Amino acid sequence: MMPDVRQLGRFLKSTRPKLSGVRAAFTNLNSGFVRDAGVLSAGTVVARLFPLAAMPLLTRYYSPDDFGTLAVYLGVLYTVSAIACLRLEIAIPIPESEDEAANVLALALVSSVFVSSLITLLLFLGSNTIANALSIQDTIAFIWLLPIGVLIASSYNTFQYWTSRRRRFRSIAISRITQSIMGTSVMLAFGYATTGPLGLILGNIINIGAGSIRLCWLALRNDLAILKKIGWGHMRHAFVRHQDYPKFSTLDALANVAGAQIPIIIIAAVATKAEAGFLFLAMQLLLVPVTLISSSIGQVFHVSASDAYRQGKLPNMTAQLLVNITVYGLSPLVFFGIFAEPVFVFVFGPEWARAGTLVTWMLPWMALQFLASPVSIVMLVAERQRAMLKLTCFGLVLRVASLAFVAAYHPAYATAAFFATSFIYYCVCLFVFSSVVGLKRANFQGVRVWMFFCIATSAGLGGLVRWILG
């Protein structure tokens, strides 16, 4: 029996008073939140347009095997750079004193240099062993780019947090766009002139962290008086004050990133480099935009969430955040993902149809990650670092152990196992984050209705478009 459209309309209308109260609390809390999040998100979207626009050429210049090599390299790079600063960078917005924040910034940068130097030493002592472990024996020369990539990526992440603290969100957006243009240009130039994955690797290094130079220059130009207060004694005091981040958040970040990246390395080893290449392209078109946009929202949410938590307004603020993410982010994601396969064939060529299929399979996982990632900031605000560590370790064990088991007995289903366990993990994450925030049934009632309505509508429209494309 078909539901009465008028009844559905009345039901949606009945949720409006609850959501209007949420919106009022959200707006009163920080009227600049939406503007700042919009600036970062817009910069992220524009930055992503350049590599996306170039992707039809890149998929013709580079083979799926080349993209598979890049996927393995970036898997290692992301895993190491996530902990290169001992997670001290996320403590930069926390201190009330600007002097203390500057010393936390210095600690993060010192740690980044130390870790990059340590990687260089390890490569000097055993580069062949590391290349064999990563199944990149044929491209061992590229592994020497790893310490450079780690230093650039971790430094950029550190300066982003400092720039966010100083509320220069526009500068972060510009840096993302600039480094995207530079990285894409390098990939195209190398792809046109040479063969092999070198251009992909160099371009992605630039795309990940070249903006650190601009953000560093802005900090020196505008905050020199504060940065002059950096000293070894102050840095030691700041480290003691924020020692929970290296103790707990470092392992948390390692488990979180490794849970997403190690499976790609396993898939490249047990399946083919081409399968890893298909997975990489699918994640570039889906996971990377989701991660960047949600992290932009999370950065701004981080600045306001502490005050909201102390004032008891965090549940309403989080509920409205979930509604906004669903309406403005999740709906387009679902719409595109439903008919991704024919689009991939048309845009990238018939040999990339598999990547389009993977995009559709990833939708349930991506939807939950899109919702959960910005809200994860509440674990830091509520000082639940230990609980977050346990949660991410659970995700690491769940995904890697399950994938290793499937890869040993049914390698053909390795990618599907990765997607299924990632979906389960983010289900658990969203439940835990909601519990910590204190979201009650009254907060969730309107949120659930709008989520269901938007996702169902987007999926229906996407299915219609796919049927038309045939």
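The values are calculated or read from the model by the stated rules, or taken from the named source; none is laboratory data. All of these numbers come straight from a predicted model, not from anything done at the bench. Please note: Cβ atoms are built from the backbone with ideal geometry, for glycine as well, and neighbour counts cover all protein chains shown. Surface accessibility is based on the protein's heavy atoms, side chains included, excluding ligands, DNA and RNA. Shrake-Rupley method; radii C 1.70, N 1.55, O 1.52, S 1.80 Å.
Summary table below
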| quantity | calculated |
| --- | --- |
| Any chance Gly231 is within 23 Å of Ser112 (Cβ to Cβ) and either of a type in the set (S, T, N, Q) or touching a residue at least 40 places away in the same chain (Cβ under 8 Å) (or both) | yes |
| Single match in Val347, Val334, Val323 (criterion: open to solvent by less than 30 Å² (accessible area, probe 1.4 Å), of a type outside the set (Lys, Arg) and under 26 Å from Ile264 (Cα atoms)) | Val334 |
| Output for the stretch 364-374, where each listed residue is touching a Ser or Thr at 6+ places or on another chain (Cβ under 6 Å) and of a type in the set (A, V, I, L, M, F, W, C) | Trp365, Phe370 |
| Pair list, Cβ < 7 Å and 6+ apart or interchain, from the stretch 184-195 residues that are at pLDDT below 90 to residues that are in a helix (DSSP H, G or I) | Tyr192/Tyr61 |
| Any chance Val290 is assigned to a helix (DSSP H, G or I) and free of Cβ contacts under 8 Å to residues at least 12 places away in the same chain | no |
| Matching residues, the stretch 350-376, being closer than 19 Å to Ala274 by Cβ and open to solvent by less than 20 Å² (accessible area, probe 1.4 Å) | Trp352, Ala355, Gly356, Leu358, Val359, Met362 |
| Qualifying residue in the stretch 88-98 (condition: in contact (Cβ under 8 Å) with a residue 24 or more places away in the chain, open to solvent by 50 Å² or more (accessible area, probe 1.4 Å) and not polar (S, T, N, Q)) | yes |
| Selected residue (criterion: most open to solvent (accessible area, probe 1.4 Å)) from residues of the stretch 165-199 that are closer than 15 Å to Ala53 by Cβ, in contact with a helix residue (DSSP H, G or I) (Cβ under 7 Å, 6 or more places away or on another chain) and not β-branched (Val, Ile, Thr) | Met182 |
| Exclusive hit being more than 17 Å from Asn157 (Cα to Cα) and either of a type in the set (Ser, Thr, Tyr) or at pLDDT 85 or above (or both), set Lys247, Lys228 | Lys228 |
| Of all residues making up the stretch 108-124, the number that are over 17 Å from Val76 (Cβ atoms), touching a residue at least 12 places away in the same chain (Cβ under 8 Å) and either aromatic (Phe, Trp, Tyr) or open to solvent by less than 30 Å² (accessible area, probe 1.4 Å) (or both) | 2 |
| Pick from the stretch 377-420, criterion open to solvent by 30 Å² or more (accessible area, probe 1.4 Å) and among the hydroxyl-bearing types (Ser, Thr, Tyr), ranking: nearest to His242 (Cα to Cα) | Ser402 |
| Condition met for Ala219 (surrounded by fewer than 19 Cβ atoms within 10 Å (Cβ to Cβ), within 27 Å of Ala173 (Cα to Cα) and not basic (Lys, Arg)) | no |
| Hey, Phe50 open to solvent by 40 Å² or more (accessible area, probe 1.4 Å) and either modelled with pLDDT of 85 or more or touching a Ser or Thr at 6+ places or on another chain (Cβ under 9 Å) (or both) or not | yes |
| Residue in the stretch 234-244 that is out of contact with any strand residue (DSSP E or B) (no Cβ under 7 Å at 6 or more places or on another chain), in contact (Cβ under 8 Å) with a residue 12 or more places away in the chain, among the basic types (Lys, Arg) and surrounded by fewer than 19 Cβ atoms within 10 Å (Cβ to Cβ) present | yes |
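Residues checked against (1) at pLDDT 85 or above; (2) more than 27 Å from Tyr161 (Cβ to Cβ); (3) of a type in the set (Phe, Trp, Tyr):
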| site | (1), (2), (3) |
| --- | --- |
| Met2 | no, yes, no |
| Gln7 | no, yes, no |
| Arg35 | no, no, no |
| Gly43 | no, no, no |
| Met55 | yes, yes, no |
| Gly68 | yes, yes, no |
| Val72 | yes, yes, no |
| Leu77 | yes, no, no |
| Ile92 | yes, no, no |
